[in-house]
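**Student:** Starting off with a structure, shown below.
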Amino acid sequence: MNLILQGLTTDRSVIDRIAAMAQARRIEPISTNAYRCEEVQFSESVKAEIDAACLAAMLDYMFVHRSRKLTDFKLVAMDMDSTLITIECIDEIADMQGLKPQVAEITEAAMRGEIEFRESLTRRVALLKGLDAKALQRVYDERLHLSLGAEKMLDALQAAGLKTLLVSGGFTFFTDRMKTRLGLDYTHSNELEIMDGKLTGRVVGGIVDADEKKATVQRICTELGISTNQSIVMGDGANDLKMMGISGMSVAFRAKPIVRAQADVALNFVGLDGILALFD
């Protein structure tokens, strides 16, 4: 196996020290701040030692099988809020109503897996009742930012021929704009009900919860004629775990502990483009 080490900044002496823990045969630079430590020795005790050392050095690491290529995959499915973008849209919408603390508290509990997502979304959306729908555009214009490395990652994935799916417990107002802006192939999310220019506090149709996210990944894979093992799935919250669990590679990005613990890859420090270093 190989060990990938990367960070926003790196100290080569630290890289050498961590590579020695895994008895790496060679260290090859991938980019300015990413290294491939080749033919390493893997065990759970070595992994635990490297995990602690990388956390202290603010490095991300991943043990990977040699010769794995990006083209082994055909689809990347991404969560939106706090994954592809830096914000939780519903929290920022609530801020327009002066209710961000109350809504954010429910959001955090849901992402940690303490509240079932369907219940949490219903409760949060209800608090938005009566808000002028123009607030959605304000959030998009003033507060929505792509996560670090998002465009570089998408450019590389699309160049390699992967299809892209944005599947979100957020809202169509934002996923539709992300689809156009980034040239995504598929999106699926919740639709806020609007009447007379104001939010009603309800969603239209079914709620995109953890089960629906998983079903969406399965449906798109079927449409593409591929196995779910040929998908990369990225997320940060507990409602992403079911779709991550059927993927060929699950990626936790700036994720809650429950998600990091179950993911194949955890990117805690580098940007989304950090997944590119994992492939030959």
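**Student:** From the list 144, 224, exactly one residue is in contact with an Asp or Glu (Cβ under 9 Å, 6 or more places away or on another chain) and either among the acidic types (Asp, Glu) or surrounded by fewer than 21 Cβ atoms within 10 Å (Cβ to Cβ) (or both). Which is it?
**Tutor:** 144
**Student:** Give segment 9-32 a look and list any residue that's surrounded by 14 or more Cβ atoms within 10 Å (Cβ to Cβ), under 19 Å from residue 267 (Cβ atoms) and either touching a Cys at 6+ places or on another chain (Cβ under 7 Å) or in contact (Cβ under 8 Å) with a residue 60 or more places away in the chain (or both), or say none.
**Tutor:** Those that are surrounded by 14 or more Cβ atoms within 10 Å (Cβ to Cβ), under 19 Å from residue 267 (Cβ atoms) and either touching a Cys at 6+ places or on another chain (Cβ under 7 Å) or in contact (Cβ under 8 Å) with a residue 60 or more places away in the chain (or both): 18, 30.
**Student:** To continue, here is another question. Can you list residue pairs whose Cβ atoms sit under 9 Å apart, with the first residue in segment 172-187 being over 19 Å from residue 156 (Cβ atoms) and the second being surrounded by fewer than 19 Cβ atoms within 10 Å (Cβ to Cβ) and basic (Lys, Arg)? Count only pairs 6 or more apart in sequence or on different chains.
**Tutor:** From segment 172-187, the pairs are 187/179.
**Student:** Out of all the residues in segment 150-181, which are of a type in the set (A, V, I, L, M, F, W, C), surrounded by fewer than 19 Cβ atoms within 10 Å (Cβ to Cβ) and either assigned to a helix (DSSP H, G or I) or in contact with a Lys or Arg (Cβ under 6 Å, 6 or more places away or on another chain) (or both)?
**Tutor:** 156, 159
**Student:** Can you pull out the residues in segment 227-280 that are under 19 Å from residue 187 (Cα atoms), surrounded by fewer than 24 Cβ atoms within 10 Å (Cβ to Cβ) and at pLDDT below 95?
**Tutor:** Matches in segment 227-280: none.
**Student:** Next question. For a quick check of your reading: which helices (runs of 4 or more DSSP H) sit entirely within segment 193-280 and have at least 2 residues that are among the charged types (D, E, K, R), closer than 19 Å to residue 167 by Cα and touching a helix residue (DSSP H, G or I) at 6+ places or on another chain (Cβ under 7 Å)? Show your work before the answer.
**Tutor:** Numbers: elements: 210-224, 241-245, 257-262.
Qualifying helices (runs of 4 or more DSSP H): 210-224.
**Student:** Right, something else. Given the criterion at negative phi, hydrophobic (A, V, I, L, M, F, W, C) and free of Cβ contacts under 8 Å to residues at least 12 places away in the same chain, identify the matching residue among 111, 153, 195.
**Tutor:** 195
**Student:** If you don't mind, another one. Please go through (1) crowded, with 17+ Cβ neighbours inside 10 Å; (2) in contact with a strand residue (DSSP E or B) (Cβ under 7 Å, 6 or more places away or on another chain) for residue 126 and return the number of the only condition it doesn't satisfy.
**Tutor:** Of the numbered conditions (1) crowded, with 17+ Cβ neighbours inside 10 Å; (2) in contact with a strand residue (DSSP E or B) (Cβ under 7 Å, 6 or more places away or on another chain), the odd one out for residue 126 is (1).
**Student:** Which residue pairs have Cβ atoms under 7 Å apart, sit 6 or more places apart or on different chains, and have a first residue in segment 114-138 that is closer than 20 Å to residue 259 by Cα and in contact (Cβ under 8 Å) with a residue 24 or more places away in the chain and a second that is acidic (Asp, Glu) and surrounded by 18 or more Cβ atoms within 10 Å (Cβ to Cβ)?
**Tutor:** Final answer for the pair search is 117/209; 118/209.
For (1) farther than 23 Å from residue 261 by Cβ; (2) in a helix (DSSP H, G or I); (3) within 20 Å of the chain's Cα centre (by Cα), each residue gets a yes or a no:
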residue	(1), (2), (3)
46	no, yes, no
63	no, no, yes
68	no, no, no
97	yes, no, no
102	yes, yes, no
108	no, yes, yes
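Rundown of residues vs (1) closer than 21 Å to residue 246 by Cβ; (2) buried (at least 22 other Cβ atoms within 10 Å of the Cβ); (3) modelled with pLDDT under 90; (4) aromatic (Phe, Trp, Tyr), yes/no style:
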| site | (1), (2), (3), (4) |
| --- | --- |
| 59 | no, yes, no, no |
| 62 | yes, no, no, no |
| 66 | no, no, yes, no |
| 70 | yes, no, no, no |
| 79 | yes, yes, no, no |
| 84 | yes, yes, no, no |
| 87 | no, no, no, no |
| 101 | no, no, no, no |
| 105 | no, no, no, no |
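The values are calculated or read from the model by the stated rules, or taken from the named source; none is laboratory data. Quantities reported herein were computed from a predicted structural model and do not represent experimental measurements. Every residue, glycine among them, receives a Cβ derived from its backbone with ideal geometry; neighbour counts consider all protein chains shown.
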